[in-house]
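The values are calculated or read from the model by the stated rules, or taken from the named source; none is laboratory data. This one's a predicted model, so the numbers in the text were calculated from it and none came from an experiment. Note that we place each Cβ from the backbone using ideal geometry, even for glycine, and neighbour counts take in every protein chain shown. Quick note on the areas: whole protein, heavy atoms, side chains included, nothing else; ligands and nucleic acids left out. Shrake-Rupley method; radii C 1.70, N 1.55, O 1.52, S 1.80 Å.
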Amino acid sequence: MGALSPQSFYITTPIYYVNAVPHVGTAYTMVVADALARWNRLAGRETFFLTGTDEHGLKIAQSAAEHNMTPKEWVDAMSERFKDAWTELGMSYDRFIRTTEVAHYETVQRFLKKIYENGFIYKSLYSGLYCVACEAYYSESELLEGDKCPTHLRAVEKMSEENYFFRLSAFEEPLRRWYEDNPSAVVPSSRRNEALGFINQGLEDISITRTSIDWGVPAPWDPDHVFYVWYDALINYLTGIDYGMDEERFERLWGNVHHVLGKDILRFHCVWWPAMCMAAGIDPPKQFIVHGWLLAGGAKISKSNTKVSVDPIAIARDFGVDTMRYYMLKETHIGSDGDFSLEGMVATYNSDIANNFGNLLQRSLALVISKLDGVTPGAPVDAPEVFCFDERVEKAVEAWESFEPYAALESVMDLLRSANVYLEQEEPWKSSSTEKIEVVLGSVLELIRTAALLLLPATPESSMKVLSRLGADMSSDLRSDLKFGRYEGGKAIKKEAPLFPRLELG
Ligand code: ME8
């Protein structure tokens, strides 16, 4: 088994609009990014996980007005709701960025001044059809039923103003070449084709400032103009790691940045953003991890979709945060859409966690108590054949490394299934040989320990409880912790309630 490469790992989520509270859909992005961050920390890498809130633009200004608040009062209150939600859900982010922070204004101005000085920004008259919900202009051919935005199905508004433009058209060829030279810039690869599709349709320059509102970052060369919300928002990824302030740190983290995002915002990320980076003279991002949508009854879950319970905090309180995390990561492959239902979540938890994992743990510990005076045996030197231990561990490691949590979790479930089969076959409860019982239970507990480690990015709280019940510590070397034979045993066990009882829908 190869060593895990030691480079730094920088991971980001989209920054969320504060015109509504977090819901299961936004929590899904967080869970994906949090699990990948946790995996990379476990692998011993310097990891930096950035999330935050997107607080400018017309939509936010309108939401504030609807609530009789100033934009500032509104965004201050709403960004707290996001922070509280992610804290409650145990998200392990390192920095929470707000686009209304002074540091972000400075970074936006620093970065866009570079693009301006490099000659990729110019002034012109713009008139077009604008969807306030998307904060984006559409061409007529993109509209549905003549005047409706294809994402929100609401009428677009005609807007006309003099503003600054970014010369996106100049980057058609450079972007095509960049995608050719970096075949893994977007995962999964089907989403890369989508990005290339946008580029191959031809790129038009984009309007990047507004004079019709003042809720935004002013252009440093013409302060009557504020930057269009998307143009300022993308730059948060640079503010988050102190672009222009701490060069050494910036280079280290930017060189291995991974942007997690939903497919709805692919064009902004996979077309605009690398072009903006090129225009400012920095490398485009290393990789985009594009996930699909969580659906309920076939429709995208959103703040206005009331068909399902969409409050992730209520779900976590009722069923446990790890139950929700595990379900999201196991049943929805990153890149594809996935169904979210409480029935599905409970069924997945019961089959994988309560039965396959929890029962095994409970039975083995009960046997330690009844057959081995309550002290756990250490692992034998070799893994019994039936586990296919090395192959399955390797498969899980590779799956985590290539951003395929479902495959990692499936491989861990295979390991645990083989441990269940082995326990049934060996029937240690019938044996009177302490030596045999120690080998059998030592092997099974070793499998449980390994499973808890490999599940840790998905189910951090539960994994830590299992490791503590076994008295298994972790070193800073994941590879050595994943070797069969590492579990030393010697933990005195008392009879305790099961860690993962079956769940019922109330
Ligand atoms: O677009 N399933 O913010 P936003 C999966 N501020 N993911 C979902 C989802 C669902 N049903 N619903 C939302 C914005 N998401 C901009 C981003 S970044 C520089 C600026 C997730 O609050 C998904 O990741 O509308 C989507 O891309 C993100 O929430 C959009 O959040």
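Quick one: compute the contact order of region 259-334, relative version, from alpha carbon pairs under 8 angstrom and 6+ residues apart, as a percent.
Result for region 259-334 is 27 percent.
Provide the three semi-axes, in whole Å and in decreasing order, of the ellipsoid equivalent to region 362-484 as defined by the square roots of 5 times the Cα gyration tensor eigenvalues.
Values for region 362-484, descending: 25, 15, 12 Å.
Report, in deg cm²/dmol and to the nearest 500, the calculated mean residue ellipticity at 222 nm for the chain, where each DSSP H run with n ≥ 4 adds -39500 (n - 2.57) and the sum is divided by the residue count.
-13500 deg cm²/dmol
Which net charge results when you count Lys and Arg as +1 and Asp and Glu as -1 among the other residues whose beta-carbon is under 11 Å from that of Gly335?
0
As a test of reading the structure, rank Ser8, Ser432 by solvent-accessible area (1.4 Å probe, protein chains only), most first.
Most to least solvent-accessible, the answer reads Ser432, Ser8.
Just how large is the dipole of region 226-364 about the Cα centre, in debye to the nearest 20, putting +1 at every Lys and Arg Cβ and -1 at every Asp and Glu Cβ?
The calculated dipole for region 226-364 is roughly 360 debye.
Assuming 1.002 mPa s and 20 °C, estimate D for region 91-250 with Stokes-Einstein, Rh taken as the Kirkwood radius over Cα pairs, in µm²/s.
Estimated via Stokes-Einstein, D reaches 121 µm²/s.
Give the Debye-formula value of log10 I(q)/I(0) at each listed q (0.20 Å⁻¹), with one equal scatterer per alpha carbon of region 139-222, two decimals each.
Once normalised to I(0) and log-transformed, intensities are -1.09.
May I ask for the net charge around Pro183, where only other residues with Cβ less than 14 Å from the Cβ of Pro183 are counted and Lys, Arg are +1 while Asp, Glu are -1?
For residues surrounding Pro183, the net value is +3.
Within straight cross-link reach of Lys59, meaning Cα distance under 14 Å, which aspartates and glutamates are found once same-chain residues fewer than 8 apart are removed?
Glu135, Glu157, Asp214
What's the magnitude of the charge dipole for the chain around its Cα centre, counting Lys and Arg as +1 and Asp and Glu as -1 at the beta-carbon? Answer in Debye, nearest 20.
Using Cβ point charges on Lys, Arg, Asp and Glu, the chain gives about 800 debye.
Using only Cα atoms, figure out Rg for region 425-506 and give it as a multiple of 2.2 N^0.38 Å.
1.24
With the cut-off at 1.5 for a/c, could you classify region 52-122 from its C-alpha gyration tensor as rounded, prolate or oblate?
Oblate shape, in that a/c is at least 1.5 and b/c is the bigger or equal ratio.
Considering Cα pairs under 8 angstrom that are at least six residues apart, work out the relative contact order of the chain and quote it in whole percent.
The normalised contact order for the chain reaches 16 percent.
Could you tell me how many degrees, from 0 to 90 and to the nearest 10, lie between the Cα long axis of helix 189-200 and the main elongation axis, the longest principal axis, of the Cα atoms of the chain?
So the helix axis and the longest Cα principal axis differ by about 10 degrees.
Could you give P(r) for the chain, binned at 20 Å from zero, as whole percent values over all Cα-Cα pairs?
21, 50, 23, 6, 0
Diagonalise the Cα gyration tensor of region 1-104 and give the resulting equivalent ellipsoid semi-axes, square root of 5 times each eigenvalue, largest first, whole Å.
The answer is 32, 13, 10 Å, longest axis first.
Work through the residues other than Arg449 whose Cβ is under 12 Å from its Cβ and net out their charges, Lys, Arg +1 and Asp, Glu -1.
Neighbourhood net charge equals 0.
Which distance in Å, rounded to a whole number, links the C-alpha centroids of region 322-376 and region 480-499?
Cα centroid of region 322-376 versus Cα centroid of region 480-499: 17 Å apart.
How large is the dipole of region 114-190 about the Cα centre if only Lys and Arg carry +1 and Asp and Glu carry -1, each at its Cβ, rounded to the nearest 20 debye?
Using only the charged Cβ atoms, the result is roughly 140 debye.
Quick one: compute the contact order of region 301-456, relative version, from alpha carbon pairs under 8 angstrom and 6+ residues apart, as a percent.
25 percent
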